[in-house]
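Take a look at the structure below.
The values are calculated or read from the model by the stated rules, or taken from the named source; none is laboratory data. All values reported here derive from a predicted model rather than from experimental measurement. A quick note on method: Cβ atoms are made from the backbone with ideal geometry, for glycine too, and the neighbour counts reach across all protein chains shown. Heavy atoms of the whole protein, side chains included, go into the accessibility calculation; ligands, DNA and RNA do not. Shrake-Rupley method; radii C 1.70, N 1.55, O 1.52, S 1.80 Å.
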Amino acid sequence: MNVPVTGAAVQAEPSFRHSVDMMFNHAVGLMDLPSGLKEKIRVCNATYTVRFGVRLRGQIQTFTGYRAIHSEHMEPVKGGIRYAMGVNQDEVEALAALMTYKCALVEAPFGGSKGGLRIDPRHYEEHELESITRRFAYELIKRDLIHPSQNVPAPDMGTGEREMAWIADQYARIHTTDINARACVTGKPLNAGGIHGRVEATGRGVQYALREFFRHPEDMAAAGLDGGLAGKRIIVQGLGNVGYHAAKFLSEEDGALITGVIEHDGGVFDPSGIDVDSLRSWISDNGGVKDYPHAQVIAEGALLLEEPCDILVPAALEGTIHLGNAERVQAPLIIEAANGPVTAGADEILRRRGKVIIPDLYANAGGVTVSYFEWVKNLSHIRFGRMQRRQEEARHQLVVDEMERIVGAMGNGTTLSDSFKLKYLRGADELELVRSGLDDTMRVAYQSMREVWHRRADVPDLRIAAYITAISRVAESYRAKGL
Ligand code: NAD
């Protein structure tokens, strides 16, 4: 079987942006909105292409980058910056549109945007990447395409904390008196204005999404699943930021078995469960899964997408489940940790085959949710929990002291357990507050989406329900603005 796992569309497959448009059109076809408003919401407002030169290794190299702004019904607009060779206008516009719907679905007060640089970061030294990133950031900053109140990027494929710190510093160098400069980008390291829990946020959100799904027996039944996450067999595609954290938390905290991992150079399979940390450190030391000694290594990693398992987690790139392999996917439940991993054509095939898909605009919204918390933290210039934590502890201490006094007076030797006191007395720190805010966001968003799915007979799945929920919120914003 020769099924390529690439972002490229197979024959007769619509482009990524066209795929997103088709899903949008399906949803708005079921909504009562004026056609002019539908069109206004669908189109991408603007896409900027920047070409710039950087002197590297004794000569000038020219790079091409993009920043697409899909919808400014709320500002700032928000969306990651991706470094990959496949970056193009169609892709950033599709991703920017997804950001609009994602932010609306999880009630993050942003419009949608996305950026990308056509580059393979593995081919450059760190100092070269810094020069390229700073120059790209400069091109965007001088056009207000990076700005705390207008356009706030974040990490995506091929970028992380390091690149975000360079971008924030570049902005601060240009806007030396802007007190809110740090809010110009999220996903920064802690020492540069980041927030606890941002690195893990998207994978953590995938975990919370699955936990919420498994709280609803009716939804599990739609996928032919029962029980909880413990013991469920999971195959993950892409062990990067999102895939690694999702796999780690689901195996370590929920007792799921990671039976397969697909990476860019092959796959790893072990029905008794893969040690996620051991595989991750092998990949970072060796550049891929090749020769991993603790599980079966499969050269044609894409074949693992078709292996029996309970949950498939595509967490690499778009278009990996397409017309060419959708008929052979066996997992009853697919959670789209990546953006656009299932093409519009594959989506129809999977729906017909009774598969349940937890859609990207919901499943990977943990990243933008915690980015929202980081942006608020930067604008308020104070760490979450700093004012309340010790006060909360002092009040809890009062309650414990009083309970101990009453229990002591009863004189039957009963006391409060140490483990209770330890948990109860500790005030919440920033990480706990971030996780709590993320958990709440993922639960509430899932519930609003499934309510539409179950209430309306004409809504075929969670994806269309998610689009309807998001589009109706964007439409409300436009109406409120008088458009
Ligand atoms: P990343 O660069 O950290 O990881 C991507 C991983 O996929 C890497 O390990 C890479 O080797 C692997 N990969 C590349 N090509 C592959 C292939 N053909 N087959 C299998 N694996 C392959 O990227 P990330 O930040 O984890 O993003 C992954 C996906 O999640 C993207 O679609 C991105 O848009 C989406 N996403 C990321 C975030 C975030 O916060 N980072 C937020 C929302 C959505």
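A few notes on this one:
- Apportionment of accessible area to carbon and sulfur, the stretch 359-438, percent (1.4 Å): 57
- Here is the P(r) of the stretch 187-264: all C-alpha pair distances, binned every 10 Å from 0, give 18, 43, 28, 9, 2 in whole percents.
- Karplus-derived HN-Hα couplings along the stretch 310-321 (A = 6.51, B = -1.76, C = 1.60, θ = phi - 60°), whole Hz, x at Gly and Pro: 8, 9, 9, 10, x, 10, 10, 8, 6, x, 8, 10
- Highest average packing first - 220-227, 183-190, 142-149, Cβ atoms within 10 Å: 183-190, 142-149, 220-227
- Dipole-positive endmost among V77, T159, L105 within the stretch 44-192 (Cβ charges, Cα centre): T159
- The packing ranking, built from the mean of other Cβ atoms within 10 Å per residue, places the peptides 316-328, 425-437, 53-65, 101-113 in the order 101-113, 316-328, 425-437, 53-65, highest first.
- Amide H within-cut-off set for S71, under 5 Å, with H built and near neighbours excluded: N45, G112
- For the stretch 74-120, the share of accessible area belonging to carbon and sulfur comes to 45 percent (1.4 Å probe, ligands and nucleic acids excluded).
- Accessible area per residue for the stretch 44-192 is 39 Å², calculated with a 1.4 Å probe on protein heavy atoms, without ligands, DNA or RNA.
- Cα gyration tensor category, rounded, prolate or oblate, for the stretch 229-341 with a/c compared to 1.5: rounded
- Over the stretch 228-291, accessible surface divided per residue gives 38 Å², non-protein components excluded, 1.4 Å probe.
- Descending by average beta-carbon neighbour count within 10 Å, the peptides 386-393, 194-201 line up as 194-201, 386-393, the highest first.
- In the chain, helical runs assigned H by DSSP with n ≥ 4 each contribute -39500 (n - 2.57); averaged across all residues and rounded to the nearest 500, the mean residue ellipticity at 222 nm is -14500 deg cm²/dmol.
- Among V261, S472, H196 - extreme Cα towards positive end, dipole of the chain, charges at beta-carbon: S472
- For the stretch 44-192, the Kirkwood estimate of hydrodynamic radius, built from reciprocal distances between every pair of different alpha carbons, is 15.1 Å.
- The phi torsions of the stretch 45-53, fed into the Karplus equation with coefficients 6.51, -1.76 and 1.60 and a -60° offset, translate into couplings of 4, 7, 9, 9, 10, 10, 10, 9, x Hz, rounded to whole numbers, with Gly and Pro shown as x.
- Taking the protein heavy atoms of the stretch 207-304 in the context of the full set of protein chains, the accessible area attributed to carbon and sulfur is 50 percent at 1.4 Å.
- Distance histogram for the chain (every C-alpha pair counted, 10 angstrom bins, percent rounded to whole numbers): 4, 19, 29, 26, 14, 5, 2, 0, 0
- Each Cα pair under 8 Å and six or more residues apart adds its separation to the average, and for the stretch 44-192 the resulting relative contact order is 23 percent.
- Taking a ≥ b ≥ c as the square roots of the eigenvalues of the alpha-carbon gyration tensor, the stretch 347-483 is classed prolate because a/c is 1.5 or more and a/b outweighs b/c.
- Placed amide H near G80: partners under 5 Å, 5+ positions off or other chain: G115, A154
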